[in-house]
Amino acid sequence: MNVILDSGQIEQVLKDLTGRILSENPAEMDIAVIGIRSRGEVIAQRLSGRLSQKLGKDVPCGTLDITLYRDDLNSPHGNAQPLVRTTEIGFNIDDKIIILVDDVLYTGRSARAAMDALIDLGRPKAIRLAVLVDRVGRELPIQADYAGCKTDVEPGKLVQVNLVESDGKDEVVIE
């Protein structure tokens with residue numbers, strides 16, 4: 001197990017992501033943050049709080065479950081019943097700049113599923129993708145607008161994001 005981000009580095013990445021989001025989106029624009037379950041939602045909550053503080057106004061935050069939009073849902077290799085959880089977006093996404101947040105961008109399939117799910121909920125002005133870790137190995141033409149850390153991890157290895165809220169500590173490890 002190799003730690004690529006510790007708690008201090010994750011804190012710095014979140015600070016940097018917040019700064020980049022603010023610099024590229026005018027303060028008068030209607031911004032909202034939506035995290036992909038499950039660790040994307042934790043990162044989204046942290047980003048939303050930071051953005052709200054910097055802007056001096058509430059930046060709404062929601063949670064998106066993409067289970068039913070995944071392209072491997074009916075895979076013959078899967079034998080487990082998928083766990084569908086709730087999408088919790090308590091605001092209208094129409095005409096907002098949506099900062100879509102995930103923990104790791106790898107193949108691009110989760111991000112594609114999330115965009116499909118968002119479009120079913122409304123018509124945002126724009127969707128911008130923010131990730132804690134951008135991993136080499138894309139299968140779809142999707143890229144992060146805001147990436148905290150880029151890493152080239154060999155296939156077969158796992159990039160695991162641990163967060164205090166769900167795992168008791170902040171760190172990103174390669175397993």
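Of the conditions (1) out of contact with any Asp or Glu (no Cβ under 7 Å at 6 or more places or on another chain); (2) at pLDDT below 95, Val136 fails just one. Which one is it?
Status for Val136: all satisfied but (1).
Scan Asp103, Asp95 and give me the residue that is outside any helix (DSSP H, G or I), at pLDDT 95 or above and surrounded by fewer than 17 Cβ atoms within 10 Å (Cβ to Cβ).
Answer to the selection: Asp95.
In segment 106-145, how many residues are among the β-branched types (Val, Ile, Thr) and outside any strand (DSSP E or B)? Before the answer, list the steps.
Initial filter on segment 106-145 (among the β-branched types (Val, Ile, Thr)): 107, 119, 127, 131, 133, 136, 142.
Those still in the list that are outside any strand (DSSP E or B) too: 107, 119, 136, 142.
Total meeting the criteria: 4.
Output the residue which, of all residues in segment 1-53 that are part of a loop (DSSP other than H, G, I, E, B) and over 18 Å from Val133 (Cβ atoms), is modelled with the highest pLDDT. Working first, answer last.
Step one: list which residues in segment 1-53 are part of a loop (DSSP other than H, G, I, E, B), which gives 1, 6, 25-30, 37-38.
This time we only want the ones that are over 18 Å from Val133 (Cβ atoms), so: 25-30.
On the way: Asn25: 90, Pro26: 84, Ala27: 80, Glu28: 84, Met29: 88, Asp30: 95.
Only one residue fits best here, namely Asp30.
Pairs please, first residue from segment 62-76 and outside any loop (DSSP other than H, G, I, E, B), second anywhere and modelled with pLDDT under 75, Cβ atoms under 9 Å, 6+ apart in sequence or on different chains.
Listed by first residue and then by second, the contacts come to Thr67/Leu73; Thr67/Pro82; Leu68/Pro82.
Could you list, in sequence order, all residues of segment 79-92 that are assigned to a loop (DSSP other than H, G, I, E, B) and either touching a residue at least 12 places away in the same chain (Cβ under 8 Å) or surrounded by 14 or more Cβ atoms within 10 Å (Cβ to Cβ) (or both)? Let's see the steps before the verdict.
If we filter segment 79-92 for residues that are assigned to a loop (DSSP other than H, G, I, E, B), which is where we start, we get 79-87, 89-92.
Pro82, Leu83, Val84, Arg85, Thr86, Thr87, Ile89, Gly90, Phe91, Asn92, listed by residue number.
Name every residue in segment 95-126 that is farther than 22 Å from Arg46 by Cβ, in contact with a helix residue (DSSP H, G or I) (Cβ under 9 Å, 6 or more places away or on another chain) and of a type outside the set (A, V, I, L, M), in order of residue number.
The answer is Arg112, Asp116, Asp120.
Taking only segment 137-150 into account, find how many residues are surrounded by fewer than 15 Cβ atoms within 10 Å (Cβ to Cβ) and touching a strand residue (DSSP E or B) at 6+ places or on another chain (Cβ under 6 Å). Even if it seems obvious, please write down each step before you answer.
Within segment 137-150, the first condition is being surrounded by fewer than 15 Cβ atoms within 10 Å (Cβ to Cβ), and the residues that meet it are 137, 139-141, 143, 150.
After this cut, where a residue has to be touching a strand residue (DSSP E or B) at 6+ places or on another chain (Cβ under 6 Å) as well, the list is 150.
The number of residues fulfilling the criteria is 1.
Of everything in segment 117-136 that's surrounded by 14 or more Cβ atoms within 10 Å (Cβ to Cβ) and of a type outside the set (A, V, I, L, M), which residue is farthest from Asn25 (Cα to Cα)?
Applying the first criterion (surrounded by 14 or more Cβ atoms within 10 Å (Cβ to Cβ)) to segment 117-136 yields 117-118, 121-122, 124, 127-135.
Right, trim to of a type outside the set (A, V, I, L, M) and you get 122, 124, 128, 134-135.
Values: Gly122: 20, Pro124: 14, Arg128: 10, Asp134: 21, Arg135: 25 Å.
It comes out as Arg135.
Need pairs with beta-carbon distance below 6 Å; first residue farther than 19 Å from Cys149 by Cα and within segment 13-38, second buried (at least 16 other Cβ atoms within 10 Å of the Cβ) and small (Gly, Ala, Ser); sequence gap 6+ or separate chains.
Correct list of pairs: Val33/Ala44; Val33/Ser48; Ile34/Gly62.
Can you tell me which residue is surrounded by the fewest Cβ atoms within 10 Å (Cβ to Cβ) among those in segment 1-57 that are farther than 25 Å from Val173 by Cα and among the charged types (D, E, K, R)?
Top of the filtered list is Glu28.
The values are calculated or read from the model by the stated rules, or taken from the named source; none is laboratory data. None of these values were measured; they are calculated from a predicted model. All Cβ positions, glycine included, derive from the backbone under ideal geometry; neighbour counts span all protein chains shown.
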